[in-house]
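Here the structure is laid out as structure tokens; the discussion comes afterwards.
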Amino acid sequence: MALIEAKKLFKSYGAIRAVNDVSFAVNRGEVVGFLGPNGAGKSTTMKLLTGHLRADSGQAVVAGFDVAEEPVLAKKHLGYSPEGAPAYGEMTVREFLRFAADLRGLSDPAEKVKNTLELCRLTSVAAQNIDTLSKGYRMRVGFAQAVIHDPDVLILDEPTDGLDPNQKFEVRRILKDMAARKAVIVSTHILEEVGELCTRVIVIAQGGIRCDESREKFLQRGTDLNQVFRQLTA
Amino acid sequence: MSDTTTPVSPSNSFAAFGAIFRREFAGYFRTPLAYVFLAVFNAFAISLAFFVGNLYESGIASLDRFFLYHPWLWAFLAPAAGARLWAEERRQGTLELLLTWPVTVWQTALGKFLAAWAFLACALLMTLPIAFTVGWLGSPDWGVILSGYLGSLLCAGACLGIAAIASSLTRSQVIAFVTGFLACFLLVLVGYGVLDELLSGALSSGTVDEIRRLGLWRNLEPFTLGLLDARPAAYFLSVAFAGLGLSTLIVERR
């Protein structure tokens, strides 16, 4: 069973069609790289899959549950980190993760918080207010709240955006460790991430899918990925 | 259908509501603003009662001159406390998190609203020394005082309902505060002589009387006299929960 299914999704903002007939399915063990220029519809597609936005038509299904019809059940199987990894800045990292655990009704929340802090290498800053953290740590906090319940489905909107090479490596390492057990969608501008992290690539431009293929096939399109990207999204 | 997915914890609406309530309530005390708020509320509530209402000079062991100014105070301070309800979530981007966590918008809205109301209740409870002072100086009717406090708390809820709508419409706390304050201020003015005179020129006396019933003071006054009438209580609760409902719909239909 596919853990993520987008079925003929459409979404417009006024006269602008942000998502135009998008369909795909993601199975467990797949890490899908969502590529596309700014404003291509990547984030909007993710927001439709996570239930943050309602589609004008079409269906988004997470772990077998229709996101519009059974949102709470779908969201229980979902971990999502929006662009910029928003969090309550006035809370400490530990308080914020505890809040996420309590809100999800997790059993043994203190243990889950401890394990997640260790997994995301946040233990050293657990008592710090999120506002005071560097961008790299804040991105990891966003990632931590998305994985605290060990979800089947992980949707991450630009999780490595603005990070330095060491921080990017760290986020990718954590993601790779857990990817085999999950269906993952990662949006990114960084083409090198395709080779390092993804098993499959979906390129989106002007709201529609321009290419949906395995990493190997995508990499065979050319040695200059920037050139490939420009051709696909032109 | 989902036989291959990882088992998840069963839905526990109360746990989610409790988590939101605790975070919101504690959130007020995370910044110095809460303490400033409590101090301002107390300073104004007591100063207005003594220096404008002449509570001491009246020689009557009653708090009706204290409660008289509460609609003004709540019209200003409930929007100040309620401005952050949704506007801050929008500004920080955390609304996107809340709306993608397994909790309904209604659970979130109720948790937030009741936490804000509980915070306003704390401000009100801190004025209790004035009641004890009156009790020390004379022999007040404690039932009437209790009824006054209940009315004031309900009035605070009504102003908070209006503040919730204002907060759901913007990402700016300042705009949320100003619009919430103006709407509450209008409800304070309704029933006062100046507005009545203005309305009387344009509307029939029956209509003016109906409008007057919508004023905050008109509905708080019976409580301060110890008259426990269902109508003013229903008025305050209707405004509070209509505000809660409307603001939730606005957030849900973003």
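The values are calculated or read from the model by the stated rules, or taken from the named source; none is laboratory data. Just so we're clear, the structure is a prediction, and the values are computed from it rather than from any experiment. Neighbour counts are summed over all protein chains in view; Cβ atoms, including those assigned to glycine, are modelled from backbone coordinates with ideal geometry.
Give the number of residues within the range A:211-222 that are farther than 9 Å from A:L35 by Cβ and part of a strand (DSSP E or B).
Total satisfying the criteria: 3.
Got a number for residues in the range A:1-24 being within 14 Å of another protein chain (Cβ to nearest Cβ) and either modelled with pLDDT of 95 or more or touching a Lys or Arg at 6+ places or on another chain (Cβ under 9 Å) (or both)? First the steps, then the outcome.
Initial filter on the range A:1-24 (within 14 Å of another protein chain (Cβ to nearest Cβ)): A:1-5, A:11, A:13.
Pick out the ones that are also either modelled with pLDDT of 95 or more or touching a Lys or Arg at 6+ places or on another chain (Cβ under 9 Å) (or both) and you get A:1-5, A:11.
Final tally of qualifying residues: 6.
A:A183: farther than 19 Å from A:P86 by Cβ and surrounded by fewer than 21 Cβ atoms within 10 Å (Cβ to Cβ), yes or no?
Details: farther than 19 Å from A:P86 by Cβ: yes; surrounded by fewer than 21 Cβ atoms within 10 Å (Cβ to Cβ): no.
So A:A183 does not fit the description; no.
One residue is enough: does the range B:209-217 have a residue meeting the conditions modelled with pLDDT of 90 or more and closer than 21 Å to B:A121 by Cα?
Within the range B:209-217, not a single residue is modelled with pLDDT of 90 or more and closer than 21 Å to B:A121 by Cα.
Is it true that A:D56 is of a type outside the set (G, A, S), closer than 29 Å to B:T108 by Cα and more than 10 Å from chain B (Cβ to nearest Cβ)?
So A:D56 fits the description; yes.
Of all the residues that make up the range A:80-94, how many are in a loop (DSSP other than H, G, I, E, B) and farther than 23 Å from A:K182 by Cβ? Show your work before the answer.
Quick first cut of the range A:80-94, residues in a loop (DSSP other than H, G, I, E, B) only: A:82-91.
Checking which are farther than 23 Å from A:K182 by Cβ leaves us with A:88-91.
Result for the range A:80-94: 4.
Is there any pair linking a residue in the range B:91-109 that is more than 9 Å from chain A (Cβ to nearest Cβ) to one that is outside any helix (DSSP H, G or I) and surrounded by fewer than 18 Cβ atoms within 10 Å (Cβ to Cβ), with Cβ under 6 Å and at least six apart or on different chains, and which?
B:R91/B:R171
For the range B:88-167, list the helices (runs of 4 or more DSSP H) that sit wholly inside it and hold at least 2 residues that are on the phi > 0 side of the Ramachandran plot and not small (G, A, S); which are they? Steps first, please.
Values: elements: B:94-98, B:105-125, B:128-137.
Passing ranges: none, list empty.
Anything in the range B:227-254 that is at pLDDT 85 or above and not hydrophobic (A, V, I, L, M, F, W, C)? List them, or say none. Reasoning before the result, please.
Of all residues in the range B:227-254, those at pLDDT 85 or above come to B:230-252.
Within the range B:227-254, B:R231, B:P232, B:Y235, B:S238, B:G243, B:G245, B:S247, B:T248, B:E252 qualify.
Checking A:H52 against (1) out of contact with any Asp or Glu (no Cβ under 6 Å at 6 or more places or on another chain); (2) over 30 Å from A:E216 (Cβ atoms); (3) not in a strand (DSSP E or B), which test does it fail?
(1)
Could you list all residues from the range A:95-131 that are part of a loop (DSSP other than H, G, I, E, B), within 13 Å of another protein chain (Cβ to nearest Cβ) and either out of contact with any His (no Cβ under 7 Å at 6 or more places or on another chain) or surrounded by fewer than 22 Cβ atoms within 10 Å (Cβ to Cβ) (or both)?
Within the range A:95-131, the subset part of a loop (DSSP other than H, G, I, E, B) is A:104-108, A:120-122, A:126-128.
Remaining after also requiring within 13 Å of another protein chain (Cβ to nearest Cβ): A:104-108.
Within the range A:95-131, A:G105, A:L106, A:S107, A:D108 qualify.
For the range A:95-134, give me the residue count where each residue is basic (K, R) and touching a Leu at 6+ places or on another chain (Cβ under 7 Å). Before you say what the answer is, go through the steps one by one.
Pass one, the range A:95-134, residues basic (K, R): A:98, A:104, A:112, A:114, A:121.
Cutting the leftovers down to touching a Leu at 6+ places or on another chain (Cβ under 7 Å) gives us A:112.
Looking only at that region, the number is 1.
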